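All remarks here apply to the structure that follows.
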Amino acid sequence: MSLNNLGNRYSEIGKRIEAVAPTEEAVTIRRELATTNPAYRGDLAGTLNNLGIRYSEIGKRAEAVTPTEEAATIYRELAATNPAYRGDLAMALTSL
């Protein structure tokens, strides 16, 4: 959570380029965690959505699509069995 939050804070203060690296690292870690424990899939999706936002903020709009699509896919799967994820799915779809 800390790396994802660090990326968010950098973005908030205008350090958008610096925000990318900690968010990418957070995705890597959360992807590893989600591979061994599906309970981390929601966290992975949230971080992927943020990575898409970070890429978009620095003008990498084409690169922003893939992580945002992956986030929406994960949230759609989670929402199918747990309606509590519908708001997160809507957020990812809006980002997309």
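The values are calculated or read from the model by the stated rules, or taken from the named source; none is laboratory data. In this text the structure is predicted, and so the values were computed from the model without any measurement. Glycine also receives a Cβ, built like all others from the backbone with ideal geometry; neighbour counts cover every protein chain displayed. Ligands, DNA and RNA are stripped out before the accessible areas are found, and what is left, the full protein with its side chains, is counted by its heavy atoms. Shrake-Rupley method; radii C 1.70, N 1.55, O 1.52, S 1.80 Å.
Observations on the model:
- Of all the residues in the range 25-70, those that are acidic (D, E) and either touching a residue at least 24 places away in the same chain (Cβ under 8 Å) or part of a loop (DSSP other than H, G, I, E, B) (or both) number 4.
- Residue match in the range 27-44 (condition: surrounded by 19 or more Cβ atoms within 10 Å (Cβ to Cβ) and farther than 19 Å from G7 by Cβ): yes
- Checked against the criteria, L51 does not count as modelled with pLDDT under 95 and either on the phi < 0 side of the Ramachandran plot or more than 12 Å from the chain's Cα centre (by Cα) (or both).
- R16 being touching an Asp or Glu at 6+ places or on another chain (Cβ under 6 Å) and either surrounded by fewer than 19 Cβ atoms within 10 Å (Cβ to Cβ) or not β-branched (V, I, T) (or both): yes
- The range 1-20 residues that are within 26 Å of A34 (Cα to Cα), paired with ones that are of a type in the set (A, V, I, L, M, F, W, C) and open to solvent by 100 Å² or more (accessible area, probe 1.4 Å) (beta carbon under 9 Å, 6 or more apart): Y10/I17
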